[in-house]
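Right, one structure below, let's go through it.
The values are calculated or read from the model by the stated rules, or taken from the named source; none is laboratory data. The structure displayed is predicted, hence computed values, not measured ones. Cβ coordinates were reconstructed from backbone atoms using ideal geometry, including for glycine residues, and neighbour counts include every protein chain displayed.
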Amino acid sequence: MSDVHALDEYWMARALSLAAKAAQIDEVPVGAIVVRDGRELGVGYNAPITGCDPTAHAEVRALRDAAARAGNYRLSGATLYVTLEPCTMCVGAIVHSRVSRIVYGALEPKAGAVESARRTLEEPFLNWQVETVGGVLADECGRMISDFFSRRRNEIRRQRKQYSGKE
């Protein structure tokens with residue numbers, strides 16, 4: 001295993017621990033961390049429901065945290081690790097933040113804006129190029145999301161049975 005790959009797995013494992021925090025507050029378990037020069041610069045996990053903020057995706061929260069710590073919203077030279085392929089909104093924030101590299105875990109087939117549903121970073125009008133690496137700890141990242149939605153569906157079924165008097 002290359003040193004780069006080992007480092008990517010290390011930081012993705014850290015992002016997974018942040019995703020677990022989102023799950024604990026019943027948010028979709030996505031975690032993100034911004035790393036520059038081998039150091040954690042910003043962290044975030046999904047909190048749009050609890051924060052009453054539709055932009056409170058893990059990536060955006062990590063970018064905000066990193067920008068505040070760095071004293072600059074431009075984060076060139078940084079890598080953003082995120083457990084799920086970013087959506088269009090998050091890709092926009094990534095481009096504007098000037099992050100140099102994105103490493104993500106699981107694909108997001110419905111809304112992924114890096115390679116799944118859309119290839120936003122390949123748009124010719126963008127004035128910033130971002131290196132992308134996908135599939136790091138993809139099984140673990142995907143399992144966390146799948147397990148979360150499975151539990152949620154089971155809870156909804158249980159509630160429907162309870163309210164319909166069929167329990």
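So, of the residues in the stretch 39-94 that are aromatic (Phe, Trp, Tyr) and under 12 Å from the mean Cα position of the chain (by Cα), which turns out to be surrounded by the fewest Cβ atoms within 10 Å (Cβ to Cβ)? Here the answer is TYR45.
Scanning the stretch 27-55 for residues that are in contact with a Ser or Thr (Cβ under 8 Å, 6 or more places away or on another chain), over 15 Å from ILE94 (Cβ atoms) and outside any strand (DSSP E or B) yields GLU27, PRO29, PRO48. Would you confirm whether or not the stretch 73-90 contains a residue that is at positive phi, assigned to a loop (DSSP other than H, G, I, E, B) and modelled with pLDDT of 95 or more? There is at least one residue in the stretch 73-90 that is at positive phi, assigned to a loop (DSSP other than H, G, I, E, B) and modelled with pLDDT of 95 or more.
Report, by residue number, each residue of the stretch 124-167 that is surrounded by 11 or more Cβ atoms within 10 Å (Cβ to Cβ), farther than 21 Å from ASN46 by Cβ and without any contact (Cβ under 8 Å) to a residue 24 or more places away in the chain. The answer is ARG158, GLN159, ARG160, LYS161.
The set of residues in the stretch 102-157 that are assigned to a helix (DSSP H, G or I), of a type in the set (A, V, I, L, M), modelled with pLDDT under 95 and under 28 Å from ASP26 (Cβ atoms) contains only ILE156.
State all residues of the stretch 2-38 that are surrounded by fewer than 20 Cβ atoms within 10 Å (Cβ to Cβ), touching a strand residue (DSSP E or B) at 6+ places or on another chain (Cβ under 8 Å), within 16 Å of PHE149 (Cα to Cα) and without any contact (Cβ under 8 Å) to a residue 40 or more places away in the chain; if no residue qualifies, say none. Hit for the stretch 2-38 is LYS21, nothing else.
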